[in-house]
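Some notes on the structure that comes next.
The values are calculated or read from the model by the stated rules, or taken from the named source; none is laboratory data. These numbers come from a predicted model, not from an experiment. Don't worry about glycine lacking a Cβ; one is built from the backbone with ideal geometry, like all the others, and counts go over all protein chains shown. Remember, those area values only see protein heavy atoms, side chains included, never the ligands or the DNA or RNA. Shrake-Rupley method; radii C 1.70, N 1.55, O 1.52, S 1.80 Å.
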Amino acid sequence: MARIALQDYEFSNGVKIPKGEMALAIGNPVHHDSDVYEDPLEFKPFRFSERAQAEALGKGSKKYDMITPSPQFLAWGLGRHACPGRWYASMVVKHLMVYIITKYDVKLPDSAKGKRPADWNFMGSCVPNMTTQLLFKRRDDVDWE
């Protein structure tokens, strides 16, 4: 979440942001905080659904939905500046993932030696390595009509 200061600003702790400078709210420290997430560096695909079940939130709860901004999940921004397209983006990502998973086998090339390439850290965000090559093989057992 990047913003440019429209005027000089001083925080209560004395930190100053001059007019015209960019200020960033970086999500990675929160997303990798063990006080917020158990085993934050471990891939846990059901992390949020398990949290909802553990808290007995029920099906109607939106607390851990992919599109719900919170101080613990900053991918969409926060407050009145939260991404207005997050519902659409979330739907597109989910549809794309379902399509790929059901229609293709996906793997890293042999040259990767079974190791996932390191992520890139860019302007406070952690993104997959964009030079990574993936191999896609269309599944023969899929009905294409």
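Compared with the direct C-alpha span, the chain from Phe122 to Glu38 gains 27.8 nm at full extension, assuming 0.36 nm per residue. If you work out volume of the Cα convex hull per residue in Å³ from the coordinates, which of [x] 114; [y] 154; [z] 202 do you get? Looking at volume of the Cα convex hull per residue in Å³ for this model, the match is [z]. Distance between the C-alpha centers of region 91-114 and region 1-22? Whole Å please. Their Cα centres are 42 Å away from one another. Contact order for region 52-115, expressed relative to its length and based on alpha carbon pairs under 8 Å spaced 6+ residues apart, stands at 16 percent.
If the label point is 7 Å along Cα→Cβ of Leu6, which residues in region 70-87 have backbone nitrogen under 19 Å from it? Flagged as within label range: 78-84. So what's the angle, to the nearest 10 degrees on a 0 to 90 scale, between helix 86-103 and the longest Cα principal axis of the chain? Computed tilt is about 20 degrees. Simple rule: put +1 on each Lys or Arg Cβ and -1 on each Asp or Glu Cβ in the chain, find the dipole, and look at His81, Phe46, Ala23; the Cα lying farthest toward the positive end is His81. Only the Cβ atoms of Lys and Arg (+1) and of Asp and Glu (-1) were treated as charged; on that basis the dipole of region 26-130 about its Cα centre amounts to roughly 420 debye.
The mean sequence distance of close C-alpha pairs (under 8 Å, at least 6 residues apart), as a share of the length of region 89-145, puts its relative contact order at 40 percent.
With contacts taken as Cα pairs under 8 Å at a separation of at least 6 residues, the chain carries a relative contact order of 16 percent. Tyr99 exposes around 110 Å² of accessible area when a 1.4 Å probe is run over every protein chain in place.
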